[in-house]
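**Q** Got a structure here, written out as structure tokens. Questions coming.
Just so it is clear, none of the values below were taken in a lab; they were calculated from the coordinates. As the structure is a prediction and not an experimental result, all values here were calculated from the model. Note that each Cβ is placed from the backbone with ideal geometry, even for glycine, and that neighbours are counted across all protein chains shown.
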Amino acid sequence: MQHSTIAVTQGHFEDVLIVDDHPLYCDALMSAVQRVFQDAQCRKARTLREALEVLDRGFQPQLVMFDLKLPDVSGISGFLNLRARLPDTPILVISSLATVDLVHALMDEGAAGFMPKDSSANDLKHVLLEVASGRKYVPGDFQQMRTPQRSLPEDMSPELAALTPQQKKVMKLICAGKPNKQIAYELDLAEATVKAHITALLRRLGVKNRTQAAVLIEAAMTNPANGLGDAEPEAASFLAR
């Protein structure tokens, strides 16, 4: 896959891709962008697949505004897929999925910033100008330290802790949406060995397939309502460097 280096005028964005499945919110983001950068051209996509199709048609955004929860992907894996496609383009994550560990993981993986969906219009304007100036943005509430690495008596912790280092590497790449062949290439393993690792880790996690495994890990990291958002450092560690 070829990557294009995007020319960005310091302090200004002319081409913006907004990826969000809520039409009203998506339109509000577009209006906000065009108020800050008056000649900005915006493209909208409601799924990760649509976003990739926009890129395939030749649109080269100077900024991507990306919601983590989309109809075809949820959590950090969608961001990682887009980051791989646009390694030189600022990606500003705007999402209702918000934990300290998640935000740290996003920034570690190259996000230009994170902004909760309940932020004000003035906050959004400030963030857009910060990112356009080449600075990264994280709200103060999310700048605290990550959850300390510790073992907790949650049902899933023993299974995660029991994975071998190689299985954990495989799991991280699964969460990034990588196929077995790509995992084998990146880890310098035979594809049959990767399949064996996946079979073993699925058994450990008590799930039937790699999709269920990725959902399980990401839910533990991004959904505080289930009691695991701050309580599963093992889950967060898969998606942090």
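**Q** Taking amide H positions as placed in the peptide plane 1.01 Å from N, state which residues far from Ser95 in sequence (5 or more) or on other chains have amide H under 5 Å from it.
**A** Sorted by chain and number, the residues that satisfy this are Met115, Lys117.
**Q** Need one number: nm distance between label points at Leu52 and Tyr25, each 7 Å from Cα along Cα→Cβ, rounded to one decimal.
**A** 2.3
**Q** Can you give me the long-range amide H partners of Asp15? Hydrogens built in the peptide plane at 1.01 Å from N, cutoff under 5 Å, separation of 5 or more residues or another chain.
**A** Long-range HN contacts for Asp15: Gln41, Gln62, Leu63.
**Q** Right, another one. Only bridges with both residues in the range 15-142 count here: give the DSSP antiparallel percent, nearest 5.
**A** Values: 2 of 19 bridges.
Taking every DSSP beta bridge with both residues in the range 15-142, the antiparallel ones total about 10 percent.
**Q** Distance cut-off 26 Å, Cα to Cα: go down the list Lys136/Lys168; Lys172/Lys195; Lys136/Lys181; Lys125/Lys172; Lys125/Lys178 and report the pairs above it.
**A** Details: Lys136/Lys168 29 Å; Lys172/Lys195 14 Å; Lys136/Lys181 34 Å; Lys125/Lys172 34 Å; Lys125/Lys178 35 Å.
As for pairs spanning more than 26 Å Cα to Cα, those are Lys136/Lys168; Lys136/Lys181; Lys125/Lys172; Lys125/Lys178.
**Q** Now for a different question. Can you compute 3J(HN,Hα) from phi for each residue in the range 52-59, using the Karplus curve 6.51 cos²θ - 1.76 cosθ + 1.60 with θ = phi - 60°, rounded to whole Hz and x for Gly and Pro?
**A** 5, 5, 4, 5, 4, 7, x, 6
**Q** Sticking with this one: Please list 3J(HN,Hα) in residue order for the range 197-204, calculated via the Karplus relation 6.51 cos²θ - 1.76 cosθ + 1.60 where θ = phi - 60°; whole Hz, with x for glycine and proline.
**A** Values, residue by residue: 4, 5, 4, 5, 6, 4, 5, 4 Hz.
**Q** Whole-Hz ³J(HN,Hα) for each residue in the range 20-32, computed from phi via Karplus 6.51 cos²θ - 1.76 cosθ + 1.60 with θ = phi - 60°, x for glycine and proline: what do you get?
**A** Per residue, the Karplus-derived 3J(HN,Hα) values read 7, 8, 9, x, 5, 5, 4, 5, 5, 5, 4, 4, 5 Hz.
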